[in-house]
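Single-structure report; data block below.
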Amino acid sequence: MLKKDGDCGGNCELKIKERMNHDHVTGLSIAWINGENSRTEHYGLLEAGTDRSVDHDSIFRACSAIMDVKIK
């Protein structure tokens, strides 16, 4: 289970980028939705070999995964 604010010891972004490198993921957008509260984060590039960063308007060719995560 994830804990609120800092389950990764303050290095969440570093761990996400390490995982992206491990899995050869060029770009990633993550959304957290909890009732009326939401948050998004964007990492990497839209396409390898370009300088186009992922942002809130990015459209991906791959599908998304939906997970129900309990937060302590």
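The table below gives the values:
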item: Residue check, Arg61 assigned to a strand (DSSP E or B), modelled with pLDDT of 65 or more and basic (Lys, Arg); result: no
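Yes or no, residue by residue, for (1) of a type in the set (Gly, Ala, Ser); (2) exposed (fewer than 10 other Cβ atoms within 10 Å of the Cβ); (3) in contact with a His (Cβ under 9 Å, 6 or more places away or on another chain); (4) modelled with pLDDT of 90 or more:
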position: His24; (1), (2), (3), (4): no, yes, no, yes
position: Gly27; (1), (2), (3), (4): yes, no, yes, yes
position: Ile30; (1), (2), (3), (4): no, no, yes, no
position: Ile33; (1), (2), (3), (4): no, no, no, no
position: Asn37; (1), (2), (3), (4): no, yes, no, no
position: Leu45; (1), (2), (3), (4): no, no, no, yes
position: Gly49; (1), (2), (3), (4): yes, yes, no, yes
position: Asp57; (1), (2), (3), (4): no, yes, no, yes
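The values are calculated or read from the model by the stated rules, or taken from the named source; none is laboratory data. Computed from a prediction, not measured in an experiment: that's the story for all the values here. With ideal geometry, Cβ positions are generated from the backbone for all residues, glycine too; neighbour counts draw on all protein chains shown.
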